[in-house]
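Asks: Here it is, the structure, as structure tokens.
The values are calculated or read from the model by the stated rules, or taken from the named source; none is laboratory data. These numbers were taken from a predicted model, which means no experiment stands behind them. Note: ideal-geometry Cβ built from the backbone for every residue, glycine included; neighbour counts use all protein chains shown. For the accessible areas, the whole protein counts, side chains as well, though only heavy atoms, and no ligand, DNA or RNA atoms are used. Shrake-Rupley method; radii C 1.70, N 1.55, O 1.52, S 1.80 Å.
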Amino acid sequence: MNEPSKPPDEGLSRRSLFRRGGALAATAGIGAALAGCENTTTPVAANGAGAGGGKGILGDPTAGGPVDSAGIPLARRDYPVVLPKLGDVVASSAKPERGGELQIYNYADYINPAVIKEFGKREGVSVRVTTFDTLDEAFSKLSTGRLEFDVIFSTPDQLSRLVGRKLVQPLNYELIPNLQKNVWPELHSPFYDVGPRYSVPYVTYTTGIAWRNDLLDFDPSKLEQPWEAFWSPQAEKYRGKVAILDDSREAPGMALMRRGVTDLNTEDPELLQRAGKDLEELNGKVGVKVSIADYETVPAGRVLLHQGWSGDMIAGVISYMPKGVKPDVLSYWYQTQGGPIFNDCICVAANAAKPVIAHRLLNYILDNKVAYDNFAGYVGYQPPLNAIDGGKLLSDGLVPKTLSQAVVTREAFANGNAYLTLSAKGLQLWDHTWTSFRNG
């Protein structure tokens with residue numbers, strides 16, 4: 001097949017960084033380091049009872065559902081999991097550590113510089129953000145123990161392995177009252193971190209189809225199966241201007257959804273093999289680009305049809321529209337039944353030098369005004385806060401009506417699908433599917 005093309009000016013997507021390094025979740029050899037720790041990993045069933053027979057810090061792989069490489073049960077919406085408590089929480093009475101630097105480890109361009117500058121001024125610290133390109137890089141550097149951060153931005157599907165490696169610390173939620181005060185109730189005690197123990201939500205997103213409606217002569221959302229748009233005869237005339245996400249879960253997942261598969265965490269080798277072949281077919285038809293720059297290339301018109309993330313399209317409106325081009329030339333479709341929808345999260349590093357200030361940052365980010373300024377003024381990804389009205393985002397003109405499906409609602413989030421943690425074997429299958437396609 002032809003090698004999937006990749007634009008030379010491709011940037012770093014706000015969503016791609018953790019996903020692209022997902023293969024590290026298969027890392028083994030950490031069981032011995034956790035042996036003998038507190039028995040707190042018993043998963044909680046949907047009805048509140050214990051499920052899966054979790055046993056010890058690593059769980060018991062013979063007693064119930066599958067586990068990740070750390071031996072922690074795989075969290076699912078109908079199989080919530082209590083993560084092991086490794087370490088003590090910071091005391092509620094502890095004094096903030098004024099002066100010096102608060103160190104943040106984050107995606108590129110994933111927090112408003114004005115927001116963190118104001119936080120530093122308020123708290124009497126300077127704030128330094130260190131960015132990473134892939135989870136491979138981030139996890140490797142964190143695991144050496146030579147880098148010291150206070151706050152780590154992450155994703156729920158990676159949380160259990162950060163816990164397993166003792167890279168994050170349990171949180172004192174008395175220091176983060178905005179979680180209960182402002183955040184959607186569905187995320188007060190999420191299924192991937194029941195309690196919660198280690199995380200607060202950051203922003204939400206969906207994965208769908210983005211296109212320039214003034215330059216594409218058909219509407220993907222009007223097709224009986226919109227994902228078929230990429231393989232359709234209509235798309236062939238746009239060869240070289242069609243793109244999928246450079247992501248080992250998202251791209252094969254799109255191929256699965258195109259065929260009606262809604263289990264985005266399947267570990268069925270036959271389904272994944274077929275998804276890989278479908279991606280090869282797609283490349284043959286349109287010379288597909290593999291890109292994470294949908295927030296810039298679609299507004300610029302260099303790509304006309306792109307598998308994309310909802311927040312990147314809103315970010316495109318905020319920061320990347322070419323001069324003289326109106327935002328309503330951007331359109332976005334999301335599969336409301338079984339399509340991908342989820343959130344990112346934030347943690348405090350296990351070796352944080354300023355754990356109290358770190359807790360205060362998490363609380364600050366969940367402040368209604370701060371969260372809105374971070375979203376509307378820079379990031380483009382919508383925080384899951386009660387105060388943010390999706391309808392008002394449209395009526396106020398922040399989001400054009402052509403991107404109405406890029407707005408994440410509570411109802412959609414509560415009933416949505418997600419790419420979640422896989423077993424080591426399952427992760428290898430997904431990674432093999434993707435790398436085989438990428439390597440041609």
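Asks: If I ask for residues that are without any contact (Cβ under 8 Å) to a residue 24 or more places away in the chain, within 17 Å of L282 (Cβ to Cβ) and not in a loop (DSSP other than H, G, I, E, B), which ones from the stretch 201-243 would you list?
Replies: P233, Q234
Asks: Here is a follow-up. Could you pull out the residue among T297, T266 that is at pLDDT 95 or above, among the polar types (S, T, N, Q) and farther than 19 Å from P220 by Cβ?
Replies: One residue alone meets the criteria, T266.
Asks: Also: Applying the selection to the stretch 376-389, what residues are in a helix (DSSP H, G or I) and surrounded by fewer than 24 Cβ atoms within 10 Å (Cβ to Cβ)?
Replies: Selection gives A376, G377, Y378.
Asks: Moving to a separate point now. Against the condition open to solvent by 20 Å² or more (accessible area, probe 1.4 Å) and under 22 Å from the mean Cα position of the chain (by Cα), how does V82 come out, does it pass?
Replies: Yes: the conditions hold for V82.
Asks: Do we find that V125 is under 21 Å from R76 (Cα atoms) and either of a type in the set (A, V, I, L, M, F, W, C) or open to solvent by 20 Å² or more (accessible area, probe 1.4 Å) (or both) in this structure? Talk me through it step by step, then tell me what you get.
Replies: Values: under 21 Å from R76 (Cα atoms): no; either of a type in the set (A, V, I, L, M, F, W, C) or open to solvent by 20 Å² or more (accessible area, probe 1.4 Å) (or both): yes.
For V125, the condition - under 21 Å from R76 (Cα atoms) and either of a type in the set (A, V, I, L, M, F, W, C) or open to solvent by 20 Å² or more (accessible area, probe 1.4 Å) (or both) - is not met.
Asks: Further question: Do we have any residue at all in the stretch 126-144 that's within 18 Å of H359 (Cβ to Cβ), in a loop (DSSP other than H, G, I, E, B) and not small (G, A, S)?
Replies: no
Asks: I would also like to ask the following. Scanning for something in contact with an Asp or Glu (Cβ under 7 Å, 6 or more places away or on another chain), within 30 Å of M321 (Cβ to Cβ) and polar (S, T, N, Q), does the stretch 191-200 turn up at least one residue?
Replies: No, the stretch 191-200 contains no residue that is in contact with an Asp or Glu (Cβ under 7 Å, 6 or more places away or on another chain), within 30 Å of M321 (Cβ to Cβ) and polar (S, T, N, Q).
Yes or no, residue by residue, for (1) touching a residue at least 60 places away in the same chain (Cβ under 8 Å); (2) in the same structural domain as L167 (by TED's automatic domain parsing); (3) more than 25 Å from K141 (Cα to Cα); (4) open to solvent by less than 10 Å² (accessible area, probe 1.4 Å):
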residue: D328; (1), (2), (3), (4): yes, no, yes, no
residue: I346; (1), (2), (3), (4): yes, yes, no, yes
residue: N351; (1), (2), (3), (4): yes, yes, no, no
residue: A358; (1), (2), (3), (4): yes, yes, no, yes
residue: S395; (1), (2), (3), (4): no, no, yes, no
residue: V407; (1), (2), (3), (4): yes, no, yes, no
residue: R410; (1), (2), (3), (4): yes, no, yes, no
